[in-house]
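Working notes, beginning with the structure itself.
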Amino acid sequence: MKRTAVVTAGTAGIGLETALGLAAAGFAVTVVGRDAERGARAVARIGSTGPAHPARFLRADLASLDEVRSLADRIATDHAASGEPLTVLVNNVGAMFAEPREHDGVEASFVVNHLSPYLLTELLLPTLAASAPSRVVNVTSGAVVVAKRVFDAVEPPGGYYGFHWYGRAKLANLAYTLDLAARLDGTGVTVFAADPGGAATDMTAGTMADPKIVSPGLRLLWPLVRRKFERSTSGPASVAAKPSIVAATDEALAGRTGVVIGAEARPVAPFRWATDRRIAEAVRRLSERHAPLTTA
């Protein structure tokens, strides 16, 4: 039976390289993005490699939870109509913002980096379960180490610092990923986190130059930290995509779940705060409140 994969934010950068890797492994790949022109270029790029199955593009602005719901409905409907399994879902979407902004009335970094992949995954769980064995791969980040570990509200206490708020949203998603793996254990749906390490992407190029994205406590050290970060994010996106591709395809991972694939494309220990049950429960409550699975 044909294996299929969905890659969000798959029209450029790490997402496109992930889609290319999955296509090379024999998957029929759907890339998701908000720009139809970039989507057409991504599909053409995948097609130029001579894949076993043609790629397709679905347009959705993943910063809009309403569009995430519509996307999930489209994917579920298509798979039900075709009878094909949804073998792999790669939640690659991510964004860091230098200035505070909102989407759907909620702080944007939390929406894009956690609520959007959370909602898409939860809405597609029936399709993934019907397709088992299937995999969910959520892309994480080393920025989790600078996160405030308070999840009583979407916005943490204190001022807005984009790097820290990005890390906090990624920590929420990593805690959710490990919690989801435990919840689905034994269902045939396995769940992984993939840490791409660093790569030169639009996000890293567009935000890391601004010292205001970090807290005053880190600002004095920021020139050193930034240089180190930029060295680690100077590699090609094709290398940074390898952890996601391994998580999605490696047969050695069959039957395993709740595994973090590190930047060297090998399993690593998860960031310890992501394994804290109190954090996972707080993230779950916050997610259910701001991204309900059903709407009135």
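Each row is one residue, and each column tells you yes or no for (1) assigned to a loop (DSSP other than H, G, I, E, B); (2) at pLDDT 95 or above; (3) over 23 Å from Ala12 (Cβ atoms); (4) within 10 Å of the chain's Cα centre (by Cα).
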{"site": "Pro85", "(1), (2), (3), (4)": "yes, yes, yes, no"}
{"site": "Val90", "(1), (2), (3), (4)": "no, yes, no, yes"}
{"site": "Glu122", "(1), (2), (3), (4)": "no, yes, yes, no"}
{"site": "Leu128", "(1), (2), (3), (4)": "no, yes, yes, no"}
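Among the criteria (1) assigned to a helix (DSSP H, G or I); (2) modelled with pLDDT under 95; (3) not charged (D, E, K, R), the one Ala42 does not fulfil is (2). When Glu107 is tested against (1) surrounded by 18 or more Cβ atoms within 10 Å (Cβ to Cβ); (2) of a type in the set (D, E, K, R); (3) touching a Ser or Thr at 6+ places or on another chain (Cβ under 6 Å), only condition (3) is not met.
Got at least one residue in segment 95-107 being over 16 Å from Gly15 (Cα atoms), assigned to a helix (DSSP H, G or I) and without any contact (Cβ under 8 Å) to a residue 60 or more places away in the chain? There is no residue in segment 95-107 that is over 16 Å from Gly15 (Cα atoms), assigned to a helix (DSSP H, G or I) and without any contact (Cβ under 8 Å) to a residue 60 or more places away in the chain. Listed by first and then second residue, the pairs linking a residue in segment 78-93 that is closer than 22 Å to Asn113 by Cβ and in contact (Cβ under 8 Å) with a residue 60 or more places away in the chain to a residue that is of a type outside the set (Gly, Ala, Ser) and in a loop (DSSP other than H, G, I, E, B), with Cβ atoms under 8 Å apart and 6 or more places separating them unless they lie on different chains, are Val88/Arg3; Val88/Phe27; Val93/Leu62.
Looking at Pro292, is it assigned to a loop (DSSP other than H, G, I, E, B) and closer than 22 Å to Gly167 by Cα? No; evaluated as a whole, the condition is false for this residue.
For segment 131-151, filtering for residues that are farther than 21 Å from Asp250 by Cα and out of contact with any Leu (no Cβ under 6 Å at 6 or more places or on another chain) leaves 7.
Modelled with pLDDT under 95 and in a helix (DSSP H, G or I): which single residue out of Val154, Val144, Val150 fits that description? Going through Val154, Val144, Val150 in turn, the sole match is Val144. Scanning segment 236-288 for residues that are open to solvent by 30 Å² or more (accessible area, probe 1.4 Å), polar (S, T, N, Q) and within 17 Å of Asn91 (Cα to Cα) yields a total of 3. Note on segment 130-141: among residues that are hydrophobic (A, V, I, L, M, F, W, C) and outside any loop (DSSP other than H, G, I, E, B), the one that is surrounded by the most Cβ atoms within 10 Å (Cβ to Cβ) is Val139.
Can you list residue pairs whose Cβ atoms sit under 8 Å apart, with the first residue in segment 1-21 being closer than 15 Å to Pro243 by Cβ and assigned to a helix (DSSP H, G or I) and the second being open to solvent by less than 30 Å² (accessible area, probe 1.4 Å) and hydroxyl-bearing (Ser, Thr, Tyr)? Count only pairs 6 or more apart in sequence or on different chains. What qualifies is Ile14/Ser244; Gly15/Thr8; Thr18/Ser244; Gly21/Ser244. Residues in segment 39-60 that are more than 22 Å from Glu84 (Cα to Cα), surrounded by fewer than 17 Cβ atoms within 10 Å (Cβ to Cβ) and touching a residue at least 24 places away in the same chain (Cβ under 8 Å): Arg41, Thr49.
The values are calculated or read from the model by the stated rules, or taken from the named source; none is laboratory data. Because the structure is a prediction, the values reported are computed rather than measured. Note that we place each Cβ from the backbone using ideal geometry, even for glycine, and neighbour counts take in every protein chain shown. Calculation scope for accessible area: heavy atoms of the full protein, side chains included, ligands and nucleic acids excluded. Shrake-Rupley method; radii C 1.70, N 1.55, O 1.52, S 1.80 Å.
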